[in-house]
Each structure stands twice: as structure tokens, then as C-alpha cells.
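What follows draws every value from the coordinates through simple rules; no lab data is involved. From a predicted model like this one, the values you see are computed outputs, not experimental measurements. Here the Cβ positions follow ideal geometry from the backbone for every residue, glycine too, while neighbour counts run over all protein chains shown.
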Amino acid sequence: MATSGNTITTQQPSKELDAVYFESLYRAHWSKLYRYCLSYVHNQAVAEEIIQSVFESLWQRKDKMAIDTATVEGYLFRAVKLKIFDYHRQLASRKKHEDSLTAIPSNDRNDTEEHCYFRELSAHVEALVDQLPGRCQQVYKLNIEEGYSYREVANTMDISIHTVKEHLIRARHFLLKKLRKHYGETFYLQNR
């Protein structure tokens, strides 16, 4: 058997694909192809669609090919197998995209509600920071609000790094206690 373009030529008798021959192929092979396909896709509608697609493609190319009557069944099964592979490839790709979308956290609240909640929380934290003792408040503001490192806070205030850490621990403990009292036990502070 030799191929040239989309035309299949054979040394064996071949037959032009006319409507009568096409219908006889369809009737003779549809149920076998369907059962074969269904065993791999496990979905009746998908199996029917694949078989229909194979026969539709065959009909569309009827003028460009001659059908070898001895190997037509093998040709149809190979065409169905390729469609099954395409189906599973698309299914895997769709699942991969769905999985990546579900990995993105959903934003249940709208931006306005988030903004209002953030402003309220910020104002509450600011009011609580103002209640901290003098040196503790100063350490907290330099480190958390101004972004100073422990060493920079220690140098600025002329205290040890250990003292900076102690002031921050006290400040966080105080803030967490007050915020949990107001917002509930599930509230937590993120360490930097």
C-alpha cells in the first residue's frame, strides 16, 4: 500500500466512496466501533460523538481517497483510537486548568467590604498601640510601622537587641489579647 497526499492507493481492489457504499460501511461497523470507543471513554454521548466524527471526516474526504475494502475496518478502528487519544488529552488538559483555577483562592467578599474591614482593623490596632507603655510603644512603631530592623531600633533607642525583642513580644501579646477579645479567638497576628 502506498500513500500520496490524502489519497490511499493499494494493490488490492479499492472502491470509491459513494453514498451507498458509505451507508453500508456505516451500518456494518458503527456498533463495533461504538462498543470499542465506549470501553475507553465510558460515556455514551462522547462515544457516539467520536464515532460520528470519524464517519463525518471519512465522508468529507470521500473525493480524495479510495477505500481499500480489505483494510477499511482497521482504518476505522485506528481513526477511532486517535479520536479517543484526543479526547483523553483534552480531558487531562481541562482538568489541569480546572485544578489550577481552584488553587487560586476565591475572593468571597467584595473589595469594598475588605477595604472597610481593613480600615476598621487598622484604626483599632492604632488605638491599641497608643495604649502600650512608652518604650514598648516606641519600639513597636519603629520596628513594625517604620520597618527598622532589631539592630536599628536598638541603636536608635540605645538599648540591647534582646530588649527590643522583649518589647515586641509584650506588644504582640497585648495586641493579640485585645484583638481576640474584640474579634474572637480565631484572630491571629502574623509574625514578620
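Below, the figures for the structure above:
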read-out	value
Per DSSP, loop GluC sites (Glu not before Pro) in segment 111-192 with at most 14 further Cβ within 10 Å	E146, E185
Segment 31-36 - phi-based ³J(HN,Hα) in whole Hz, Karplus 6.51/-1.76/1.60, Gly and Pro as x	5, 5, 5, 4, 4, 4
Candidate aspartates and glutamates for bridging to K141, where Cα separation is under 17 Å - those fewer than 8 sequence places away on the same chain excluded	E126, D130, E152, D158, E166
Under-5 Å amide H pairs with T69, H placed in peptide plane, nonlocal only	K15
